[in-house]
1. For residue 44, which of the numbered conditions (1) farther than 28 Å from residue 150 by Cα; (2) not in a loop (DSSP other than H, G, I, E, B) fails to hold?
2. Taking the condition of being free of Cβ contacts under 8 Å to residues at least 24 places away in the same chain and more than 15 Å from the ligand (Cβ to nearest atom), how many residues in segment 28-56 meet it?
3. Those residues that are away from the ligand (no atom under 15 Å from the Cβ) and not aromatic (Phe, Trp, Tyr), I need them from segment 107-117; list them, please.
4. Any chance segment 81-102 includes a residue that's of a type in the set (Ser, Thr, Tyr), over 14 Å from the mean Cα position of the chain (by Cα) and either under 20 Å from residue 33 (Cβ atoms) or in a helix (DSSP H, G or I) (or both)?
5. Restricting attention to segment 121-151, report how many residues are more than 14 Å from the ligand (Cβ to nearest atom) and either under 15 Å from residue 58 (Cβ atoms) or assigned to a helix (DSSP H, G or I) (or both).
6. Would you please list the contacts, defined by Cβ atoms under 8 Å and residues six or more apart or on different chains, that run from a residue in segment 111-132 that is closer than 19 Å to residue 148 by Cβ to a residue that is basic (Lys, Arg)?
Amino acid sequence: MTKILMVCLGNICRSPLAEGILRSKLPKHSFTIDSAGTAAYHIGSSPDRRSVAIARKYGLDISNLMGRQFGVSDFDRFDLIYAMDNSNFQNVVKLARDENDLAKVKLILNEVYPNQNHDVPDPYYGGDQGFQNVYQMLDEACDIIAEKVTR
Ligand code: 4NP
């Protein structure tokens, strides 16, 4: 079983969408996909309705996901940890206990644009177009991740 965690700030916009998209591209029996936020603001919350809507537009149902906060134990529970942006990458890296933890943490858009350290922009304070853009970025990244982890 390969276990992959998607991480953003609130765990209501970007990472639940990334979770739903990647899950849809991988066989259930051999992959566990989850998401978490580095902040505590939205623990127990459903994904933002705009993330739910854009997922639904592409045939994915993420409405039942629930916000939770990233914790040090996630380094033990997951093989790969994808941060949505540089700020959350740093938030996670700060919690790493050793080189083994550190090696699990990646910036998700580096799968598409290696070593360029691009952010998936936070769409929370913007409009619906921001969620459409985020969906396209994550779909492209998740295609590459799915191809890599099933190779
Ligand atoms: P996310 O977006 O990190 O993609 O879930 C955000 C959601 C909520 C907040 C910030 C970003 N917030 O400040 O409440």
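Every number here is computed from the coordinates shown, using simple stated rules; none is lab data. The model shown is predicted, which means the values in this text are computed figures rather than measured ones. When we count neighbours, we look across all protein chains shown, and the Cβ atoms used for this are built from the backbone with ideal geometry, even at glycine.
1. (2)
2. Matching residues across segment 28-56 total 3.
3. Taking segment 107-117 first, the residues away from the ligand (no atom under 15 Å from the Cβ) are 110-117.
Of everything in segment 107-117, those that are away from the ligand (no atom under 15 Å from the Cβ) and not aromatic (Phe, Trp, Tyr) turn out to be 110, 111, 112, 114, 115, 116, 117.
4. Step one: filter segment 81-102 for residues of a type in the set (Ser, Thr, Tyr), giving 82, 87.
Checking the rest, the ones that are also over 14 Å from the mean Cα position of the chain (by Cα) come to none.
No, the conditions are met nowhere in segment 81-102.
5. Qualifying residue count, segment 121-151: 15.
6. Cβ pairs passing all conditions: 111/148; 120/14.
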